[in-house]
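The values are calculated or read from the model by the stated rules, or taken from the named source; none is laboratory data. Quick caveat: nothing in here was measured; it's all calculated off a predicted structure. Glycine gets a Cβ as well: all are built from the backbone with ideal geometry, and neighbour counts include every protein chain shown. In case anyone asks, the SASA skips ligands and DNA or RNA and just uses the protein heavy atoms, side chains included. Shrake-Rupley method; radii C 1.70, N 1.55, O 1.52, S 1.80 Å.
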Amino acid sequence: MTRYPRAAIILVGLAGATVAGIGISSLRGILAPTLLTLVLTICAAPVRAWLPARGVPRGIATPAIVLVVFGVLAAFVYAIVIALIQFVAMLPTYSDQFTQIGESIARWLGSVGIDQAQIQTIVAGVDPRNIVATVAGALGGVADLTGALVIVLTMMILMAADSAYARVIFGQLGEVNPDFIAAITQYTSNVRRYMVVTTLLGIVQGTLNTIALAFLGVPSALLWGMLSFLCSFIPNVGYFIALVPPLFFGFLVGGWSTAIAVLVVYAVINAVVQSIVQPRVVGQAVSLSQTVTLFSVLFWAVIIGPIGAILAIPLTLLAKAVLMDADPRARCWQPAVGPTVETRALLSAEVAQERANRQAARTATEPAPPPLKG
């Protein structure tokens with residue numbers, strides 16, 4: 001049997017992945033809402049199964065769950081649109097502050113030797129009219145947004161109907177490829193736990209941020225609270241994305257004191273919710289390293305847009321389940337993607353051994369106690 005060089009296999013794999021990524025990106029208009037629908041359907045599956053078990057007819061339970069999930073999603077999306085419209089209407093009232101900030105930036109750039117033409121280009125970005133144009137361009141895609149919601153609703157209805165056969169289909173496929181079914185079953189459980197926990201904690205985080213910003217007098221507090229909720233699904237960088245707008249407008253309305261207060265509030269809430277509570281509740285559902293997590297956010301954002309950044313963890317876990325967890329030959333690479341239970345146990349054992357060795361070395365170097373005088 002001919003064995004190809006490892007370098008050739010790696011290059012062919014990278015080339016295939018690149019072609020696949022370009023192809024997926026060209027279909028982002030339909031793939032993004034479809035993947036979002038898939039994750040929503042997975043999250044709603046237990047409720048859809050729980051209602052018929054309590055006597056609710058399946059013909060009523062499934063449409064009810066679909067309409068509730070879609071209604072919440074559509075209401076949230078259009079609440080953001082309305083908040084953005086109010087934000088655009090509010091911006092011109094801060095034109096004087098923007099002018100002062102632009103002049104301050106121009107003076108500082110001039111003092112460090114930046115060319116005047118470059119200064120004008122940079123300062124032009126501070127003009128509220130440019131910000132309005134950018135936001136208006138985003139709002140110009142409302143028709144596309146509505147089309148995406150139609151796709152989500154249609155796909156959700158169809159996926160909910162097809163899911164009635166999921167158990168039978170999994171049973172048939174399990175006889176042929178039990179490893180694949182085990183990996184997909186574990187994936188659905190993990191992604192459901194991650195998404196539900198992140199959603200609940202994101203609601204808490206967004207609510208607390210909204211209340212704090214309203215108390216501090218930061219304009220468009222509700223918009224920044226909803227942005228905080230969305231960014232709670234974006235690991236590592238979501239916090240900074242959600243922080244910048246309220247920090248900037250807090251500085252506009254209250255100076256450095258308000259800006260520092262916003263920074264402290266966001267830091268405390270983020271530290272408690274995302275760094276302490278979420279890891280304890282999610283547990284081993286997301287066994288991805290921090291490096292892989294950040295790369296997945298950047299990768300999926302490039303491939304399918306903003307929804308890709310929000311769904312980065314579920315999509316990466318799906319790719320891991322299909323390409324690695326479902327293949328016994330590839331499972332040896334699981335520790336490279338993220339710390340497994342075994343990896344964590346080995347690290348804990350090594351740390352304990354190093355601590356014991358240091359203690360033993362310290363005991364050996366301590367001088368012996370003087371003999372007691374008789």
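Per-structure values
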quantity: Net charge contributed by nearby residues that have their C-beta within less than 15 Å of residue 58 (K/R +1, D/E -1); calculated: +2
quantity: Summed side-chain charge close to residue 349 - residues other than residue 349 whose Cβ falls under 14 Å, Lys, Arg +1, Asp, Glu -1; calculated: -1
quantity: Rounded percent of accessible protein surface that carbon and sulfur make up, the stretch 276-331, 1.4 Å probe; calculated: 73
quantity: Whole-Hz couplings from phi, Karplus 6.51/-1.76/1.60, listed for the stretch 64-79; x for Gly and Pro; calculated: 5, 5, 4, 5, 5, 4, 5, x, 5, 5, 5, 5, 5, 4, 6, 5
quantity: Ranked packing of 304-313, 52-61, most packed first, by mean Cβ within 10 Å; calculated: 304-313, 52-61
quantity: Accessible-area composition of the stretch 217-274, carbon plus sulfur, in percent [1.4 Å probe]; calculated: 84
quantity: Net +/- balance of residues flanking residue 180 in space, Cβ distance below 10 Å, scoring K and R +1, D and E -1; calculated: -3
quantity: For the stretch 323-330, 3J(HN,Hα) per residue [Karplus equation, 6.51 cos²θ - 1.76 cosθ + 1.60, θ = phi - 60°, Hz, x = Gly/Pro]; calculated: 8, 10, 5, 7, 10, x, 6, 9
quantity: Surface per residue (accessible, 1.4 Å probe) for the stretch 148-212, Å²; calculated: 56
